[in-house]
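Notes follow the structure.
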Amino acid sequence: MKKVVIRAGKERSLQRRHPWVFEGSVARGGADAGETVRVESAEGLFLCWGAFSPKSNIRVRAWSFDEAQRIDAAFFQQRIAKALAMRTRLPIASDAVRLIHGEADGLPGLIVDRYGDTLVAQFLSAGVERWKAVIIDALMAATGLIRLYERSDAQVRELEGLPQQTGWLRGEGETEIIIQEHQWRLSLDVAEGHKTGYYLDQRDNRKKFADSVRQYGCKSVLNCFSYTGGFSVAALAGGATEVISVDSSAPALARADAHVRLNGFEPGHHRSLDADVNATLRNFLKEGRTFDAIVLDPPKFAPTVAHAERAARAYKDINRLGLRLLAPGGLLFTFSCSGGISPDLFHKIVAGAGLDAQADGYILDRVGATPDHPQTINFPEGEYLKGLLVLKAA
């Protein structure tokens, strides 16, 4: 077994069972891409078994902190079985669920979502790429499904020195799927949709928005960065009679319109706007428009902490505009999916936006990803999605 030795003083994170070893923490040692290595302290003490990645800044991703553990086919079968068993205990109101969530499930770099009878997987690290055939067999055996589509087309693959790959790994057929989520239905294309096809991490937040729209009697709703209109459908389900979806993707907006029809809502209550969100918010201000509820769910502005300062300005700007457009007593549901923006920093950004907009509000709730996208105690970086539900002061 090949060995990697950690620099003196750099072993503490592994002793706290954090699963990453950065390039700068490695004193010596190496292996082929994805090969299992024994990680030791400078004193020769065992720290973990991990997958080596010679091109990534994250040089080793830990498989296990148990020295007696063997990293073999049985290991992956057990980890997958454990992850699936945990999902059966969660309150998931959908036939679409995240089954494997990377580090949180002890399988760094592996993402697996189930959409009805179809699995979609992302192999995002050298370790899971090396064990791909074994993982595929284990997934099919554990779920009893026969269709598995690969969406290993995320940019993080490039950091691992891996080419992007997509296509059927098992089975074949249509990539268009309709899922049930709470009381409504949504369509997606596992070959073309964002991430593995859809944003399952917002499932419960969409339901919370529907309930809040109903509770506070919101009739006019603006859904910014709407993608395929999940929050727009939720608004209509909550009783809104004027919903505007704003996005810069015409195909996504077309699917949003289709979702309105699919769920039997009045098409006249929904309008799609193919436009830049910031420009649209400013135009609405010039027109003197106000809305009873606004959703701000932008893309990842800060993938790392290094991007946080620039991203903070972008988040502040859209929240300032949103608060100005919100009617007194209206609802703002604002999100950040940037790992480089902490929950505390996001709160400060929204507070700063409120000062600039000369608006105050009550925080009704703080939300994150659905429980099938778990965050563990030992891996705080897993907390990427954070949101605030704000009731604007009258």
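A few notes on this one:
Let's see how each residue does on (1) out of contact with any strand residue (DSSP E or B) (no Cβ under 8 Å at 6 or more places or on another chain); (2) aromatic (Phe, Trp, Tyr):
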position: LEU124; (1), (2): no, no
position: ILE135; (1), (2): no, no
position: MET140; (1), (2): no, no
position: TYR149; (1), (2): no, yes
position: GLU172; (1), (2): no, no
position: TRP184; (1), (2): yes, yes
position: SER187; (1), (2): no, no
position: LYS195; (1), (2): no, no
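- Screening VAL243, VAL190 for residues that are buried (at least 17 other Cβ atoms within 10 Å of the Cβ), at pLDDT 95 or above and touching a helix residue (DSSP H, G or I) at 6+ places or on another chain (Cβ under 7 Å) leaves exactly one candidate, VAL243.
- Residue within the stretch 54-62 that is among the small types (Gly, Ala, Ser) and under 28 Å from ARG7 (Cβ atoms) present: yes
- Single residue of the stretch 207-229 satisfying the filter (within 29 Å of GLY171 (Cβ to Cβ) and not polar (S, T, N, Q)) that is most open to solvent (accessible area, probe 1.4 Å): TYR227
- Those residues of the stretch 10-24 which are in contact (Cβ under 8 Å) with a residue 24 or more places away in the chain and either surrounded by fewer than 19 Cβ atoms within 10 Å (Cβ to Cβ) or part of a strand (DSSP E or B) (or both), in sequence order: GLN15, ARG16, ARG17, HIS18, TRP20, VAL21, PHE22, GLU23
- Residue that is most open to solvent (accessible area, probe 1.4 Å) [pool: residues in the stretch 106-117 that are under 19 Å from the mean Cα position of the chain (by Cα) and at negative phi]: ARG114
- Identity of the residue in the stretch 366-394, charged (D, E, K, R) and in contact with a Phe, Trp or Tyr (Cβ under 9 Å, 6 or more places away or on another chain), that ends up most open to solvent (accessible area, probe 1.4 Å): GLU381
- In the stretch 269-291, the residues that are farther than 15 Å from CYS224 by Cβ reach residues that are not small (Gly, Ala, Ser) and not in a helix (DSSP H, G or I) with C-beta atoms within less than 9 angstrom, at least six apart or across chains, in these pairs: HIS269/THR241; HIS269/GLU242; HIS269/VAL243.
- Close contacts from the stretch 316-344, counting a first residue that is under 19 Å from LEU364 (Cα atoms) and a second that is assigned to a helix (DSSP H, G or I) and among the basic types (Lys, Arg), with Cβ to Cβ under 9 Å and a gap of 6+ residues or different chains, come to PHE333/LYS208.
- Meeting the requirement of 3 or more residues that are under 20 Å from the mean Cα position of the chain (by Cα), the strands (runs of 3 or more DSSP E) wholly within the stretch 247-366 are 326-336.
- Subset tally (residues that are open to solvent by 90 Å² or more (accessible area, probe 1.4 Å) and closer than 21 Å to ARG313 by Cα) for the stretch 353-365: 3
- Residues of the stretch 253-271 classified as of a type in the set (Gly, Ala, Ser) and in contact with a Gly (Cβ under 8 Å, 6 or more places away or on another chain), total: 1
To keep it simple, each residue is scored yes or no on (1) out of contact with any Ser or Thr (no Cβ under 8 Å at 6 or more places or on another chain); (2) open to solvent by less than 30 Å² (accessible area, probe 1.4 Å); (3) more than 15 Å from GLY109 (Cα to Cα).
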| site | (1), (2), (3) |
| --- | --- |
| ARG130 | yes, no, no |
| GLU150 | no, yes, no |
| GLN165 | no, no, no |
| HIS182 | no, no, yes |
| TYR198 | no, yes, yes |
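- Hey, LEU169 open to solvent by less than 70 Å² (accessible area, probe 1.4 Å), assigned to a strand (DSSP E or B) and not β-branched (Val, Ile, Thr) or not: yes
One line per residue, one yes/no per condition, for (1) of a type outside the set (Val, Ile, Thr); (2) under 22 Å from ALA154 (Cα atoms):
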{"site": "TYR199", "(1), (2)": "yes, yes"}
{"site": "LYS208", "(1), (2)": "yes, no"}
{"site": "TYR216", "(1), (2)": "yes, no"}
{"site": "ALA235", "(1), (2)": "yes, no"}
{"site": "ALA240", "(1), (2)": "yes, no"}
{"site": "ILE244", "(1), (2)": "no, no"}
{"site": "ASP247", "(1), (2)": "yes, yes"}
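- Residue that is nearest to the chain's Cα centre (by Cα), among those in the stretch 136-147 that are of a type in the set (A, V, I, L, M, F, W, C) and either under 20 Å from THR88 (Cα atoms) or open to solvent by 30 Å² or more (accessible area, probe 1.4 Å) (or both): LEU139
- The set of residues from the stretch 111-133 being touching a residue at least 40 places away in the same chain (Cβ under 8 Å) and over 17 Å from GLN165 (Cβ atoms) comprises TYR115, GLY116, THR118.
The values are calculated or read from the model by the stated rules, or taken from the named source; none is laboratory data. Keep in mind it's a predicted model, so treat the numbers as computed, not measured. Because the Cβ atoms are built from the backbone with ideal geometry, glycine has one as well, and the counts that use them run over all protein chains shown. Side chains included, ligands, DNA and RNA excluded: accessible areas come from the protein's heavy atoms. Shrake-Rupley method; radii C 1.70, N 1.55, O 1.52, S 1.80 Å.
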